[in-house]
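Report on one structure; see the data block that follows.
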Amino acid sequence: MSKIILASTSPRRKELLERESIDFIIDASCLDEVLDESLEIKKRLEKLAFEKGNPIHQKYPLDTVISADTVVYHHGKVIGKPKDSSEAIKILNELSDETHIVYTAVSIWSKDRYTVFTDETSVTFKNIETMIPDYIHSYEWEGKAGAYAIQGIASIFIDEIEGDIDTVIGLPVKKVKAILEEWKII
């Protein structure tokens, strides 16, 4: 029986697959995540999702491999993970009272099948300027694209979401599950 392998160390992606009762193991490759600036944003992410999953697919060619990459996109630029608290404050001030897009690209391999797609969700923040100092002291922003985790304390920042919240968390798991069901993997 073939296995499902999540090519990611993200605890959020792990939680999303577990929530859907999908049986899987984790094996992620070490990859310098570099977005190809010559491509438009969705293609950049899809290329990176492919690059994350391909070595794992090569290692487990008879199994199903899922890889993904998520970015926050605002005013034509990628908002990454802040290096420190001052950068987190700067990012959160930029996102305050604004709408940004979160893109998650997903690659799925299963034996001789392959698909890649990008899902997007628009997130509108309230004016959060007065909330930022307390949030910074929570350290929840560490290691998070856009300096926030929508499923955590930062949920109070949200004015509106258009799309799948799971895309913002890191994996549009309902779409992934639908592909796995269509391919008769689960």
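With contacts taken as Cα pairs under 8 Å at a separation of at least 6 residues, the chain carries a relative contact order of 22 percent. Run through the stretch 31-118 and list the trypsin sites (Lys or Arg not before Pro) located in a DSSP loop whose Cβ has at most 14 other Cβ atoms within 10 Å. Listed in order of number, the matching sites are 83, 111. Entry note: the stretch 1-77 has Rg to Rh equal to 1.01, where both radii use alpha-carbon atoms and Rh is the Kirkwood radius.
If only the Cβ of Lys and Arg carry +1 and only the Cβ of Asp and Glu carry -1, the dipole of the stretch 50-126 around its Cα centre is close to 220 debye.
Net charge dipole, the stretch 4-183: roughly 440 debye, given to the nearest 20, about the Cα centre with Cβ charges of +1 for Lys and Arg and -1 for Asp and Glu. Using R0 = 35 Å, the C-beta based FRET efficiency linking residue 113 and residue 35 works out to 0.85. If the Kirkwood radius is taken over C-alpha pairs of the chain, then at 25 °C and 0.890 mPa s the Stokes-Einstein diffusion coefficient equals 145 µm²/s. With 20 Å as the limit, the listed pairs 77/174; 77/144; 43/126; 59/144 have 77/174; 43/126; 59/144 beyond it between alpha carbons. Figure legend: label point modelled 7 angstrom from the Cα of residue 96 along Cα→Cβ; residues of the stretch 116-142 with amide N under 19 Å from it are 123-142.
All of the numbers you see were taken from the coordinates with simple rules; none came from a lab. In this text, all values refer to a predicted model and were calculated from it rather than measured experimentally. Because the Cβ atoms are built from the backbone with ideal geometry, glycine has one as well, and the counts that use them run over all protein chains shown.
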